[in-house]
1. Do any residues in segment 412-430 that are within 30 Å of Cys500 (Cα to Cα) have Cβ atoms under 6 Å from those of residues that are open to solvent by 60 Å² or more (accessible area, probe 1.4 Å) and not aromatic (Phe, Trp, Tyr), where the two are at least six apart or on different chains, and which pairs are they?
2. Step by step: first the residues of segment 256-296, then only those that are over 23 Å from Met391 (Cβ atoms) and of a type in the set (Ser, Thr, Tyr), then the one that is modelled with the highest pLDDT. Which residue is that?
3. Right, Val299: among the β-branched types (Val, Ile, Thr), at pLDDT below 95, over 20 Å from Gly498 (Cβ atoms) and open to solvent by less than 40 Å² (accessible area, probe 1.4 Å) or not?
4. Only one residue in Val158, Val137 is modelled with pLDDT of 85 or more, in a helix (DSSP H, G or I) and either of a type in the set (A, V, I, L, M) or closer than 25 Å to Met78 by Cα (or both). Which one?
5. Show the residue pairs that are 6+ apart or on different chains and have beta-carbon atoms under 7 Å apart, the first residue being within segment 1-19 and in contact (Cβ under 8 Å) with a residue 12 or more places away in the chain and part of a loop (DSSP other than H, G, I, E, B), the second being charged (D, E, K, R) and surrounded by fewer than 17 Cβ atoms within 10 Å (Cβ to Cβ).
6. Those residues that are over 16 Å from Gln399 (Cα atoms) and touching a Ser or Thr at 6+ places or on another chain (Cβ under 8 Å), I need them from segment 429-459; list them, please.
7. I'm trying to understand the selection: among the residues of segment 69-97, which are touching an Asp or Glu at 6+ places or on another chain (Cβ under 7 Å) and either surrounded by fewer than 20 Cβ atoms within 10 Å (Cβ to Cβ) or basic (Lys, Arg) (or both)?
Amino acid sequence: MEKFQGKSVLSGVAIGKLYIFKKQEYTLVKETVTDVEKEKERFRGACEKAKEQLSRLYDKALNDVGEEQAMIFDVHKMMLEDLDYLEAVESMIEEQKVNAEYATNATGESFAEVFANMDDDYFKARSADVMDISKRVIRVLAGVKEGGIDSDEPVIIVADDLTPSETIQMDKSKILAFVTRFGSQNSHTAILARSMNLPSLINTDIQLLDEYDGQLAVVDSFNNTLILSPDEETLAAKEKALAKWRADLAQLEELKGKENETRDGRKINIYANIGNAEDLPKVLASDAGGIGLFRSEFVYLGSQDYPTEEEQYKAYKEVVEGMGGKKVIIRTLDIGADKQTYYFHLNHEENPAMGLRAIRICLERIDVFKTQLRAIYRASAFGTCSIMFPMIISVWEIQRIKEIVEEVKKELADEGLAYGEVELGIMIETPAAVMMSDELAKEVDFFSIGTNDLTQYTLAIDRQNECLETFYDSHHPAVLRMIQMTIDNGHKNGIWVGICGELASDLTLTERFIDMGIDELSVSPTYVLPLRKRVREI
């Protein structure tokens with residue numbers, strides 16, 4: 001029996017055979033070509049075939065895990081249409097008279113190095129994407145087929161790490177759990193595992209040895225462990241843990257339709273966070289009381305150009321109408337920092353997390369802002385709709401927003417277009433907003449605390465920097481005091497206060513949040529019922 005330690009992405013238990021995921025190998029060889037035009041034509045044909053593959057992967061991902069996760073394949077497709085990249089490969093073929101495989105690999109490495117050395121975290125992340133698309137083109141050129149899981153039974157996938165292309169091609173019915181040697185909480189493997197609700201470990205100290213393939217193993221991500229060839233006693237204990245986990249999941253289903261109420265009668269609203277209309281079935285299945293965060297930026301990130309008013313209206317209407325009168329809170333455009341889209345033509349920034357982003361873009365580009373507000377207000381005629389504005393730091397910003405809102409409402413009324421009553425709220429994400437919350441509360445109907453950015457800005461720590469994990473503390477007393485101050489100032493001015501950041505799903509803090517007086521917690525649909533269970537135990 002061998003035991004390996006990892007880091008849990010999603011808690012659970014899985015027992016089954018290990019499947020060592022091996023990437024199909026291709027030996028790259030540099031060759032001299034005589035027919036340069038023919039080689040360039042080979043490259044162009046491979047790019048077209050690679051784009052066809054990416055289109056199929058996008059459709060499959062859309063069906064399996066939703067639009068938010070599927071978007072990576074659209075990004076890859078766009079990168080394969082980048083003229084700088086394409087011309088660099090063809091120039092190398094022509095000038096050095098080398099084969100397309102070698103030129104594609106060399107260009108990919110060169111571009112990836114440029115991205116990796118950028119200060120912007122978003123562009124650093126594109127380094128891996130450039131290599132992924134380059135390898136895809138090379139595989140097409142070399143005639144290497146795309147791979148999946150070669151197994152007749154469900155297995156525990158073990159890999160160094162997995163690209164989006166690899167994970168989405170896998171037959172999900174054959175996956176019991178994910179285990180990777182590398183990766184982060186924000187890796188594609190982690191995102192897929194959470195969306196599929198599969199136990200998973202990252203940063204696991206296991207070597208990918210052929211002798212491990214097919215051996216019986218246990219993933220216990222409650223305890224951050226992978227156990228290989230467990231002895232009888234250990235296996236029996238883990239089988240009991242698996243049965244209990246499954247029973248707990250089944251028991252959670254019994255909580256549907258029940259109140260989010262503590263044993264001493266305190267009630268709280270539990271809502272769900274979504275990125276698009278494709279997430280709606282998950283929200284309805286989770287029995288959430290409403291949608292506490294509709295990340296509208298994904299409507300923009302999934303588009304090749306500024307989405308029109310009609311396109312946005314359709315997306316918002318589908319969700320508002322689909323919730324059948326339950327509250328839907330739409331966050332306005334939150335582009336910038338690590339969420340970039342090329343057609344906004346945002347300048348490179350040394351510190352994008354503190355740069356032109358979110359409401360700052362909206363107040364700089366009023367036409368873009370108005371288009372979105374018009375779409376949301378029109379959708380509000382079909383249900384209960386609220387709007388919240390991200391990255392607010394000053395009273396004047398809210399006052400300017402309200403002026404624009406009034407202009408939009410007047411325009412719609414003049415055009416004879418219906419709209420409903422809409423609550424206006426703001427996200428509390430910066431220490432400035434917390435310190436000003438007494439004044440800000442006088443201007444709005446509600447606060448929603450974005451704990452991810454609030455923690456980052458309060459502690460002055462980049463939350464995506466793995467090197468700073470030792471220092472990053474989401475339970476830091478300063479963060480909790482800021483949450484309490486925000487709640488107190490909100491209530492003092494007669495408005496409700498919620499949390500829509502990651503801390504909302506931290507069950508170790510649920511009782512403390514209720515004692516603080518929080519009115520609403522908004523979480524991923526997966527966490528709605530576990531959170532309801534925790535509330536009812538208090």
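1. Glu423/Asp445; Leu424/Asp445; Gly425/Asp445
2. Among those that are over 23 Å from Met391 (Cβ atoms) and of a type in the set (Ser, Thr, Tyr), it is Thr262.
3. yes
4. Testing whether each residue is modelled with pLDDT of 85 or more, in a helix (DSSP H, G or I) and either of a type in the set (A, V, I, L, M) or closer than 25 Å to Met78 by Cα (or both) leaves just Val137.
5. The qualifying pairs are Met1/Asp231.
6. Hits for segment 429-459 are Pro431, Ala432, Val434, Ser448, Ile449, Thr451, Asp453, Leu454, Thr455, Tyr457.
7. Val75, Met79
Listed here are the residues, each with its yes/no results for (1) in a strand (DSSP E or B); (2) in contact (Cβ under 8 Å) with a residue 60 or more places away in the chain; (3) surrounded by fewer than 20 Cβ atoms within 10 Å (Cβ to Cβ).
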{"site": "Lys370", "(1), (2), (3)": "no, no, yes"}
{"site": "Ile376", "(1), (2), (3)": "no, yes, no"}
{"site": "Ala381", "(1), (2), (3)": "no, no, yes"}
{"site": "Met388", "(1), (2), (3)": "yes, yes, no"}
{"site": "Ile392", "(1), (2), (3)": "no, no, no"}
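The values are calculated or read from the model by the stated rules, or taken from the named source; none is laboratory data. Quantities reported herein were computed from a predicted structural model and do not represent experimental measurements. Every residue, glycine among them, receives a Cβ derived from its backbone with ideal geometry; neighbour counts consider all protein chains shown. The accessibility values were calculated without ligands, DNA or RNA, using every heavy atom of the protein model including side chains. Shrake-Rupley method; radii C 1.70, N 1.55, O 1.52, S 1.80 Å.
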